[in-house]
Amino acid sequence: MSIFAGLFKFFGNVSYLHPRKICSQYDTFPKLLLANLESEDSVLKGIAVDTLGVIGSTDDGKLALAQQEELMLKSLMILGSTIKNSPTDLRLRALHSTSSLLTLQKSSQTTELLSLTEYWFQHLFPDPLEVLLKISKQPFKDLHCGSLAVISKIAEHSWGQRALKSHPGFLEYVLDRSTENCSEGKQTKYEVITSLVESLTAEEIFGRPDFMRLRAYYIEGPCYVVAQHSVAMEGGST
């Protein structure tokens with residue numbers, strides 16, 4: 001890692017602790033962040049992608065980034081492009097950064113922050129939920145789990161639940177255990193279910209019948225396997 005890259009990473013870590021001060025008093029830093037996101041140097045670009053997620057992982061960081069509206073919109077577009085079109089390592093880092101930007105604790109789900117995270121999600125790329133679900137259905141474990149991790153974050157929010165509810169085929173997909181062939185995939189999909197079931201708004205948004213299907217999955221756990229003995233018994237009695 002170059003000295004410049006190391007200094008930028010250090011400044012990013014300081015921004016995690018004091019996001020408003022760094023983004024407002026040191027106006028060159030946000031510009032440098034955007035420049036590195038646009039960089040052709042994969043090392044600098046990767047650090048910038050990570051840094052954006054680190055700053056935006058806290059409530060204060062989100063609000064500080066929101067003050068840099070034009071810069072943030074450009075950064076989101078680059079983040080979305082990275083998720084779709086970059087080498088796997090950068091795609092995974094961009095997915096992780098996106099998860100951080102969209103994460104809100106229940107106590108932080110104010111109208112302002114919910115609106116902000118919805119706005120950011122919508123500006124990653126056109127039809128972001130469709131893109132993420134397509135990635136989640138690809139046979140590449142890391143990308144599959146990374147995209148499901150983002151979906152689990154939006155599933156915590158009422159706006160995300162409405163988007164998921166209205167997306168054709170989402171409920172069938174998330175309830176289908178046969179799509180998961182590894183423990184990581186099973187656990188990550190279970191996190192989507194958990195986000196929905198533990199939310200205070202999902203039952204109203206999804207309706208009680210579908211919510212109860214989600215709750216049954218939640219109770220059964222991530223690695224539940226449908227018992228086959230009844231099928232065997234039926235076959236033996238004919």
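Anything in region 77-103 that is touching a Lys or Arg at 6+ places or on another chain (Cβ under 8 Å) and in a loop (DSSP other than H, G, I, E, B)? List them, or say none.
Thr103
In region 138-147, is there at least one residue being touching an Asp or Glu at 6+ places or on another chain (Cβ under 7 Å), under 23 Å from Glu184 (Cβ atoms) and surrounded by fewer than 20 Cβ atoms within 10 Å (Cβ to Cβ)?
So the first thing to find is which residues in region 138-147 are touching an Asp or Glu at 6+ places or on another chain (Cβ under 7 Å), and the list is 141, 145.
Cutting the leftovers down to under 23 Å from Glu184 (Cβ atoms) gives us 141, 145.
With the extra rule that they be surrounded by fewer than 20 Cβ atoms within 10 Å (Cβ to Cβ), the set shrinks to 141.
Checked against the condition, which is being touching an Asp or Glu at 6+ places or on another chain (Cβ under 7 Å), under 23 Å from Glu184 (Cβ atoms) and surrounded by fewer than 20 Cβ atoms within 10 Å (Cβ to Cβ), region 138-147 yields at least one hit.
Among the residues of region 152-189, write down those that are under 27 Å from Thr111 (Cα atoms) and among the aromatic types (Phe, Trp, Tyr).
Trp159, Phe170
Assigned to a helix (DSSP H, G or I), more than 18 Å from the chain's Cα centre (by Cα) and under 23 Å from Trp120 (Cβ atoms): is that true of Ile205 in this structure? Walk me through it before giving the result.
Details: assigned to a helix (DSSP H, G or I): yes; more than 18 Å from the chain's Cα centre (by Cα): yes; under 23 Å from Trp120 (Cβ atoms): yes.
Here the answer is yes, as Ile205 does meet what is asked.
Residue by residue through region 119-130, note down the ones that are in contact (Cβ under 8 Å) with a residue 40 or more places away in the chain and more than 12 Å from the chain's Cα centre (by Cα).
Hits for region 119-130 are His123, Phe125.
Of everything in region 28-76, what is assigned to a helix (DSSP H, G or I), farther than 18 Å from Thr103 by Cα, touching a helix residue (DSSP H, G or I) at 6+ places or on another chain (Cβ under 9 Å) and not aliphatic (A, V, I, L, M)? Give them in sequence order.
Phe29, Pro30, Lys31, Asn36, Ser42, Lys45, Gly46, Lys74
Give me the pairs, please: first residue somewhere in region 65-88 and hydroxyl-bearing (Ser, Thr, Tyr), second residue anywhere and surrounded by fewer than 21 Cβ atoms within 10 Å (Cβ to Cβ), beta-carbon distance under 7 Å, and either six or more positions apart or on two chains.
Ser75/Leu34; Thr82/Leu90; Thr88/Asp142; Thr88/Leu143
Looking at (1) modelled with pLDDT of 95 or more; (2) farther than 20 Å from Thr194 by Cβ, which is the only condition His157 fails?
Here His157 clears every test but (2).
Those residues that are surrounded by fewer than 17 Cβ atoms within 10 Å (Cβ to Cβ) and under 22 Å from Glu198 (Cα atoms), I need them from region 115-129; list them, please.
Ser115 - this is the single residue of region 115-129 that is surrounded by fewer than 17 Cβ atoms within 10 Å (Cβ to Cβ) and under 22 Å from Glu198 (Cα atoms).
Of the residues Thr51, Thr82, which single one is modelled with pLDDT of 95 or more, of a type in the set (S, T, N, Q) and farther than 25 Å from Glu198 by Cα? Lay out the reasoning, then the answer.
On the way: Thr51 fails: modelled with pLDDT of 95 or more.
None of the other options fit; the residue is Thr82.
Quickly run through region 175-228 and pick out the residues that are open to solvent by 70 Å² or more (accessible area, probe 1.4 Å) and touching a Ser or Thr at 6+ places or on another chain (Cβ under 8 Å).
Glu191, Cys223
With respect to the numbered conditions (1) more than 14 Å from the chain's Cα centre (by Cα); (2) open to solvent by less than 20 Å² (accessible area, probe 1.4 Å); (3) in contact (Cβ under 8 Å) with a residue 12 or more places away in the chain, which one is the sole condition not fulfilled by Ile151?
Single failed check for Ile151: (1).
The values are calculated or read from the model by the stated rules, or taken from the named source; none is laboratory data. Since the model is a prediction, treat every value here as computed from it, not as a measurement. Here Cβ is always computed from backbone atoms with ideal geometry, including for glycine, and neighbour counts include all displayed protein chains. Remember, those area values only see protein heavy atoms, side chains included, never the ligands or the DNA or RNA. Shrake-Rupley method; radii C 1.70, N 1.55, O 1.52, S 1.80 Å.
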